[in-house]
Amino acid sequence: MAAACNSGGIRRNPGKTYAPDMTYSQAYDAYTKNNGVTRDSLVSQLPVAGTIARGQALPDHLTEADSVAYNSLQSPYSFTEAELEEGKRLYNIYCGICHGAELNGEGPLYTSGKFASMPANLKSGEQYLSMSAGKMYYAIVYGKNMMGSYASQLDVHQRWAVIAYIKQVQSQNGGAPFTMGKNTGGTSVANTEVVAAAAVDTAKNN
């Protein structure tokens, strides 16, 4: 039996190929035709309906017409210090040119005289300090007034990171307490000024 299985180290027959259409598959370039492999014979296809790419968030199922529903939309994420820093970085790239690095509406496009009207001051005034996170999210996705959409520049997590950074700054300038940070020992991160102020008040009362 052992002798029958011994080929002497020489194999003249390569044997059978399992799934030869996969082993010797024909490669296609994107945006070319594939000779009937798909129904429309196009290589590039849309994702299957209802599927989510790896690393992407679940869709929120809201459309541009759902502006009222967006007002109550809340972030599905909580953010660490590092993620808030990333939100700040993204804000400076995409938002700061209009709204300013200090969120005061005095970005380069306005101070250079290219804009006749001042962009929104995000850290002053009840209108913006009390603006819901969902309403900000809507503005990022669909645009608002002269502001265009940034949906193609920022993915879902990045949009919320930018909003979290804005809300963090607002909480330090008269806005509502910051609630989008990940908790450490029961205290939201990046909210030290609010916590410190509360501690001072408590000490005074005692």
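I'd like the Karplus ³J(HN,Hα) series for the range 175-181: coefficients 6.51, -1.76, 1.60, θ = phi - 60°, whole numbers in Hz, and an x wherever there's a Gly or Pro.
x, 5, x, 6, 10, 9, x
Quick one: Karplus J couplings for the range 71-84, per residue in order, coefficients 6.51, -1.76, 1.60, θ = phi - 60°, nearest Hz, x for Gly and Pro?
Karplus values, whole Hz, x for Gly and Pro: 4, 9, 5, 10, 5, x, 10, 10, 10, 7, 4, 5, 5, 5.
I'd like the distance between the alpha-carbon centres of the range 143-159 and the range 84-134, rounded to an integer number of Å.
That distance is 13 Å.
Taking the beta-carbon count within 10 Å as an exposure proxy, list V169, V68 from fewest neighbours to most.
Lowest to highest Cβ neighbour count: V68, V169.
Per residue of the range 97-107, what does 6.51 cos²θ - 1.76 cosθ + 1.60 with θ = phi - 60° give for ³J(HN,Hα)? Whole Hz please, x for Gly and Pro, Karplus curve as stated.
My calculation for the range 97-107 gives 4, 9, 7, x, 5, 9, 6, 9, x, 9, x Hz in order.
Once you place label points 7 Å from the Cα toward the Cβ at A82 and E64, how far apart are they in nm?
3.7 nm
Can you put L154, L109 in order, fewest other beta carbons within 10 Å first?
Working: L154 19, L109 15.
Neighbour counts put them in this order, fewest first: L109, L154.
Tell me, what is the FRET efficiency for T111 and D29 to the nearest 0.05, using R0 = 30 angstrom and their Cβ-Cβ distance as r? Kindly include the intermediate steps, with their values, before the conclusion.
On the way: r = 47 Å, r/R0 = 1.57.
Calculated value: 0.05.
Where a number appears in this text, it was derived from the coordinates with a stated rule and is not lab data. Predicted model, so just to flag it, every value in this text is computed and none were measured. Please note: Cβ atoms are built from the backbone with ideal geometry, for glycine as well, and neighbour counts cover all protein chains shown.
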